[in-house]
Amino acid sequence: MENHSSVANYLLQLDDKGFKFSDDMIAFIYFGQRSTDASDHLVMAAIEITLKAQKEFDGSFYLSLLERLKEKKITSRKVALQFAKEVNVLDI
C-alpha cells in the first residue's frame, strides 16, 4: 500500500486485483470513515484486515474494526495489523 494513496485509489487497486466493490459498499466505506473521523490510512488498513479476515467485504465487520482501531488510537497500518493479530482477528 502506498503512503500517499487515497481510499479511492486503494479501492481501484483492489478492483484491479479482483476485489469488486458495489456502489453501496463504497458508500458504506466512506460512511464509516466519516462517522469515525478516520484517516485514509486507517480506513485502508481496516479494509485490508476485513478482506483478509472475512475473505470478502463485510460492512459490519469493517465498521466495528474501524471503531476499535480509532478507540485504541491506532494510526498506522503496521500497528493495525498487529492489533488484529493480538485480538485473533488475523492469523498472520
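The values are calculated or read from the model by the stated rules, or taken from the named source; none is laboratory data. Note that the coordinates shown come from a computational prediction; the quantities given were computed from them, not determined experimentally. Glycine gets a Cβ as well: all are built from the backbone with ideal geometry, and neighbour counts include every protein chain shown.
A few notes on this one:
- Tally, over region 40-60, of residues that are farther than 20 Å from Ala8 by Cα and among the hydrophobic types (A, V, I, L, M, F, W, C): 1
- Single condition Arg34 does not satisfy, out of (1) under 12 Å from the mean Cα position of the chain (by Cα); (2) at pLDDT 95 or above; (3) of a type outside the set (A, V, I, L, M): (1)
- Members of region 40-92 found to be β-branched (Val, Ile, Thr) and surrounded by 18 or more Cβ atoms within 10 Å (Cβ to Cβ), listed by number: Val43, Ile47, Ile49, Thr50, Ile74, Val89
Conditions tested, residue by residue: (1) over 10 Å from the mean Cα position of the chain (by Cα); (2) assigned to a helix (DSSP H, G or I); (3) in contact (Cβ under 8 Å) with a residue 60 or more places away in the chain.
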| residue | (1), (2), (3) |
| --- | --- |
| Leu51 | no, yes, no |
| Leu66 | no, yes, no |
| Lys70 | yes, yes, no |
| Ile74 | yes, no, no |
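- Residue that is surrounded by the fewest Cβ atoms within 10 Å (Cβ to Cβ) [pool: residues in region 1-39 that are in a loop (DSSP other than H, G, I, E, B), in contact with a Lys or Arg (Cβ under 9 Å, 6 or more places away or on another chain) and free of Cβ contacts under 8 Å to residues at least 40 places away in the same chain]: Asp37
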